[in-house]
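Structure first, commentary second.
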Amino acid sequence: MDIEKPEIVHRDGVLSPGRIDDGIDLEKIREREGYVLNDASLAHDRGLKTTADGKTILIPQPSDSSNDPLNWSQFRKNLILIVISCTAFLPDYGSATGSVTLTPQGEEWNMDPNVVNHSQVGNVFMLGAAGPIIVALSAYFGRYPILFWWTLLALATAIWCAAAQSFESFMAARILNGFFSTVAQGGGLMFIKDMFFLHEYARKINIWSGFIVLSPYMGPLIGAFIINTQIWQWAFGVYAIETGLCLITIILFAEETYYDRKTIQPELVPNAPRWHRMLGIQQVRTRYIKNSFKDAVMRPAVIICKPVVFLTVIFYLLMFAWVVGINTTLSIFLAPKYGFGAKQIGFFYFTPVVAAILGEITGHWLHDSITSLYTKYHNNRLEPEARLYAIWFAMPFMVPGLILLGFALERHYHYMLAALGWGLYVFGIMIVTVAVNSYVLDSYPEASGEVAAWVNFGRTTGGFIISYFMVEWAQDMGTIKQFGIMCAILGAAACMVVCLQVWGKALRAWAGPVSFKTA
């Protein structure tokens, strides 16, 4: 006998009866009208599941199965999150490692370091371009097999980078490594969405994003110390070892996190050995994931056509471009201006590392505090646009940071002032990264992988473009004017945030839902 549950009010005001075995899709009902998080009476009246203290409604509503990733233990969820985050650390770490090996590589191959830098630019481009492909394949074959196979190929190409004997071979390896290594960057948000509830998103995204933002500074920091005493190949040898360690953790601890709550069919987890899910055998054999190949391929195209996603990607492109541009070329500025060698450049990279960590610590409380304040003054309702308020907290750090760095490089201020400017900007970009990812995830939770892939595409595409002319730009007009133009672009990009906060809800309603077959 079916047990009736309370009627659900849809956004058009019509009451519709539901059944417990059908599940309540609170995301689909409220993603365009706001999420109700803290309403104990509503939870009781509607029979909704809540946190243990009864104060927070669980969105999405978990099933009653122990195999539902939402019902896994916190230890298991957080362990998989750390595995995904460590894997997401790899691509930018490996990419930025090349910024400190340019000089010894140029000497070995009798090439201008600026030309050698083209291998790094190609790698950066692939970090973003591969994202939509990864999430499309994940929507067809499953999350776990794509994570495993892509990381395996990332390991092979990382070893190739370390073993390359010519620039042509090295460049091919770097481009392919960028394509495969970005799997947990472009698709990491899928795992967070699968395992955690809406009220947990910001803190979990903060952890994942922290590894991503930190990684491009750890690469040059560690690489600089390595090449100070060893040949440049060892910088990439260490990167290959790190990739191998991540692959081992994926084999030991990761799992298929996609769970079908829309159709009635046997669950995936109990039906075969875990390694079948890792290789993708079980997903293909059972067709547990209902997307056709055409459905899967079209998902990224559908989501980028949503106005709020497109505007957010453009905004993030304009905000993050300078992170990649500065990071990939700063060693070229530091050596002649301050007489830095490899070791001094390595020490200089402690600045953004510390700044990113401070940004992650601050974000641990900041984003939840904004959510709490917003819901307090909006009848316990959370609109996705509320996530964007954190950007206004970050801007006063980012703009002065860029200005200070520009003046320091041109007028030869003490290197500590240059470090302070750089640190302020990195601190701000850490806050912005979490706000952007949280916003697009709340806007289209059923497209978690797709929105993450496009945000990652915007992040790397901006850096790819800037890296080509960053040095020449500074030489032509000086870093004061150069960084001043950067700040002007940041200000123009901030206008997009205003537009999203004012009209974002209306744009989402106008564009309509994505209506994918699977979440």
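The values are calculated or read from the model by the stated rules, or taken from the named source; none is laboratory data. Predicted, not measured: the structure shown is a model, and the values here were computed from it. Every residue, glycine among them, receives a Cβ derived from its backbone with ideal geometry; neighbour counts consider all protein chains shown.
Before moving on, here are some points about what is shown:
- Residue within the range 37-47 that is touching a residue at least 12 places away in the same chain (Cβ under 8 Å), aliphatic (A, V, I, L, M), in contact with a His (Cβ under 7 Å, 6 or more places away or on another chain) and under 18 Å from ILE205 (Cβ atoms) present: yes
- Any chance LEU318 is more than 25 Å from PHE125 (Cα to Cα) and assigned to a helix (DSSP H, G or I): no
- Candidates in the range 228-259 are the residues that are part of a helix (DSSP H, G or I) and among the β-branched types (Val, Ile, Thr); of these, the one that is surrounded by the most Cβ atoms within 10 Å (Cβ to Cβ) is THR243.
- Of the candidates TYR389, TYR439, the single residue that is buried (at least 21 other Cβ atoms within 10 Å of the Cβ), over 26 Å from PHE348 (Cα atoms) and among the aromatic types (Phe, Trp, Tyr) is TYR439.
- Figure legend. Inter-residue proximity from the range 111-126: first residues of a type in the set (Phe, Trp, Tyr), second residues outside any helix (DSSP H, G or I) and surrounded by fewer than 23 Cβ atoms within 10 Å (Cβ to Cβ), beta-carbon distance below 7 Å, spacing 6+ or different chains. No pairs are indicated.
- Flag for THR518 being among the polar types (S, T, N, Q) and part of a loop (DSSP other than H, G, I, E, B): yes
- At least 1 residues being within 29 Å of VAL116 (Cα to Cα), hydrophobic (A, V, I, L, M, F, W, C) and out of contact with any His (no Cβ under 6 Å at 6 or more places or on another chain) is the threshold, and among the helices (runs of 4 or more DSSP H) wholly inside the range 144-226 those reaching it are 167-181, 183-186.
- A count restricted to the range 244-263 and to residues that are over 19 Å from ALA156 (Cα atoms), of a type in the set (Val, Ile, Thr) and touching a residue at least 40 places away in the same chain (Cβ under 8 Å) stands at 1.
- Residue match in the range 260-273 (condition: charged (D, E, K, R), surrounded by 15 or more Cβ atoms within 10 Å (Cβ to Cβ) and either under 27 Å from PRO91 (Cβ atoms) or touching a Lys or Arg at 6+ places or on another chain (Cβ under 6 Å) (or both)): no
- Criterion (more than 23 Å from ARG261 (Cβ to Cβ), part of a loop (DSSP other than H, G, I, E, B) and free of Cβ contacts under 8 Å to residues at least 40 places away in the same chain) met by exactly one of ASP53, ASP64: ASP53
- Selection count, the range 345-376, where residues are more than 21 Å from the chain's Cα centre (by Cα) and surrounded by fewer than 16 Cβ atoms within 10 Å (Cβ to Cβ): 6
- For the range 377-386, the tally of residues that are more than 20 Å from TRP208 (Cα to Cα) and either among the aromatic types (Phe, Trp, Tyr) or buried (at least 20 other Cβ atoms within 10 Å of the Cβ) (or both) stands at 5.
- Qualifying residue in the range 145-154 (condition: of a type in the set (A, V, I, L, M) and without any contact (Cβ under 8 Å) to a residue 40 or more places away in the chain): yes
- Taking the numbered list (1) of a type in the set (Ser, Thr, Tyr); (2) surrounded by 19 or more Cβ atoms within 10 Å (Cβ to Cβ); (3) without any contact (Cβ under 8 Å) to a residue 60 or more places away in the chain in turn, THR518 passes all entries but (3).
- Checklist (1) under 18 Å from the mean Cα position of the chain (by Cα); (2) modelled with pLDDT of 95 or more; (3) among the polar types (S, T, N, Q) applied to THR157, failing item: (1)
- Residue in the range 175-198 that is in the same structural domain as VAL432 (by TED's automatic domain parsing), modelled with pLDDT under 90 and small (Gly, Ala, Ser) present: yes
- Close pairs (8 angstrom Cβ cut-off, 6 or more residues apart or separate chains): surrounded by fewer than 24 Cβ atoms within 10 Å (Cβ to Cβ) in the range 96-107, not hydroxyl-bearing (Ser, Thr, Tyr) and not in a helix (DSSP H, G or I) anywhere: PRO104/ILE231; PRO104/TRP232; GLN105/MET111; GLN105/TRP232; GLY106/ASP112
- Taken together, ARG459, ARG387 contain a single residue that is charged (D, E, K, R), under 30 Å from ILE175 (Cα atoms) and within 16 Å of the chain's Cα centre (by Cα), which is ARG459.
- Restricting the search to helices (runs of 4 or more DSSP H) fully inside the range 264-307 and requiring at least 3 residues that are in the same structural domain as SER443 (by TED's automatic domain parsing) and of a type in the set (D, E, K, R) gives 293-304.
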